[in-house]
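Contents: one structure, followed by commentary.
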Amino acid sequence: MSGIHLSVCIPTYNFGRFIGETLESVVRQATEEVEIVVLDGGSTDNTTEVVARFQRTFPRLRYFRQDFKGGIDRDMAKSVEMARGEYCWLFSSDDIMAEGALERILRKLRSRMDLYLCGFTRCTIDMKPVAKHPILKFSTDMEFDLGKPVDRILYFSSALTTTAFFSYMSSLVVRRDRWESVRADESFMGSCWGHVARILRMIPDGLKVDFLPEDYLLNRGDNDSFLESGRVNRIAIAVDGYHRLGEVFFGKDSIEAYHMRRVLKNEYTMSYLLYTKLVTREEGDERKHEKLESLVKKLYIDGSPTDRFRHGVYLLSPVFLLHIAAAARRQVRSFMRKPVLG
């Protein structure tokens, strides 16, 4: 036995400017039953040097460097493969572990659930708190067995965002033997949802989930690497991905798939979609605009009166009004930033 109870698994690529804060937040809380596993997908920045600095004072930090970028799905899976702990906390290399979180999660692990879903607060890129992130409708710890239909429907119907459906890596602490009991689904590798597919595949044999709404980490916002290919592609990753996950694992007409589609509309609000419509029009890329229109149609595919109304608002909102609204929003933000004299 290694004596390691919890492995904090950190896949990373070119996050050298952030990973030091991440490691510091873990190291200062870590006990002897905690290790850190960093899987570097071929970073070309100073990641290696930053990690080495922490290794000199924290010997249970294990660093594995690849000469290639495996992508988040494969790098995440590889980091768990290299871990020795009974549980693995999947953790982003730009987030920060909340004070006291390790002590709290180690206590929780005594209940030996399959998965712990941790609450968090969204922050700016310089880690100033913005808002508590919604996950489920419950404000206290709740346990579910998603292998039981009654528990599963209660859980799915209580979801507020796709975080409830395991989209956000840093909120997940998974029992390693359960993770390893199912193979990676190659059809989802490269979709950004390989880990979600793997977790959903556990459900038929029972998946005991403990929802922990208290903050266990701080999420660094304005640093979404999935935005590298633009807003429209980012929307496609989520909408296409979660529609497909729902269909593959539960069936298109299932109540589970319905709720997975429902929460996407909480995340991609009308204001966000209209702003993206404005940006794509300004860029003059007709292919992006057509793709966005197809994604919005897919988002409102269930055809409820609310869906039809929202889809109509999107289609009928003229670009010149969007320009006016965007300009007004910028003016309000500028006014709010001005100092109050007196």
Q) Do you know which of the residues in the range 170-205 that are in a loop (DSSP other than H, G, I, E, B) and among the hydroxyl-bearing types (Ser, Thr, Tyr) is surrounded by the most Cβ atoms within 10 Å (Cβ to Cβ)? A) Ser191
Q) Got a number for residues in the range 268-296 being among the aromatic types (Phe, Trp, Tyr) and either part of a loop (DSSP other than H, G, I, E, B) or not assigned by TED's automatic domain parsing to the domain that holds Gly312 (or both)? A) 1
Q) Within the range 134-183, how many residues turn out to be in contact with a Lys or Arg (Cβ under 6 Å, 6 or more places away or on another chain) and under 15 Å from Val196 (Cβ atoms)? A) 2
**Q.** Residue in the range 143-162 that is nearest to Ile203 (Cα to Cα), counting only those that are buried (at least 18 other Cβ atoms within 10 Å of the Cβ) and touching a residue at least 60 places away in the same chain (Cβ under 8 Å)
**A.** Leu146
Q) Looking at the range 122-142, which of its residues are surrounded by 18 or more Cβ atoms within 10 Å (Cβ to Cβ) and of a type in the set (Val, Ile, Thr)? A) Ile135
(Q) Can you tell me how many residues within the range 207-237 are farther than 23 Å from Trp179 by Cα and either part of a loop (DSSP other than H, G, I, E, B) or not charged (D, E, K, R) (or both)? (A) 16
Q. When you look at Tyr272, is it of a type in the set (Ser, Thr, Tyr) and buried (at least 16 other Cβ atoms within 10 Å of the Cβ), yes or no?
A. no
Q. From the set of residues in the range 66-89 that are among the small types (Gly, Ala, Ser) and either assigned by TED's automatic domain parsing to the domain that holds Ile237 or at pLDDT 95 or above (or both), which is farthest from Asp224 (Cα to Cα)?
A. Gly85
**Q.** Only one of Ile36, Ile4, Ile19 that is crowded, with 17+ Cβ neighbours inside 10 Å and part of a strand (DSSP E or B)
**A.** Ile36
Q: Select from the range 245-257 the residues that are over 15 Å from Pro149 (Cα atoms) and either surrounded by fewer than 19 Cβ atoms within 10 Å (Cβ to Cβ) or hydrophobic (A, V, I, L, M, F, W, C) (or both) and list them in ascending order.
A: Leu245, Glu247, Val248, Lys252, Asp253
Q) List the pairs whose first member sits in the range 90-103 and is in the same structural domain as Gly16 (by TED's automatic domain parsing), whose second member is in a loop (DSSP other than H, G, I, E, B) and surrounded by fewer than 22 Cβ atoms within 10 Å (Cβ to Cβ), and whose Cβ atoms are under 6 Å apart, counting only residues at least 6 apart or on separate chains? A) Asp94/Asn223; Leu102/Gln29
Q. Which is of a type outside the set (Lys, Arg), touching a Lys or Arg at 6+ places or on another chain (Cβ under 9 Å) and modelled with pLDDT of 95 or more, of Gly246, Gly230?
A. Gly246
Q: Mind listing whichever residues of the range 2-46 are in contact with a Phe, Trp or Tyr (Cβ under 6 Å, 6 or more places away or on another chain) and not β-branched (Val, Ile, Thr)?
A: Leu6, Leu23, Leu39, Gly41, Gly42, Ser43
**Q.** Pair list, Cβ < 7 Å and 6+ apart or interchain, from the range 113-127 residues that are under 14 Å from Asp94 (Cα atoms) and of a type in the set (Val, Ile, Thr) to residues that are part of a loop (DSSP other than H, G, I, E, B) and modelled with pLDDT under 95
**A.** Thr124/Gly221; Thr124/Asp222; Ile125/Gly221; Ile125/Asp222; Ile125/Asn223
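The values are calculated or read from the model by the stated rules, or taken from the named source; none is laboratory data. Predicted, not measured: the structure shown is a model, and the values here were computed from it. Glycine gets a Cβ as well: all are built from the backbone with ideal geometry, and neighbour counts include every protein chain shown.
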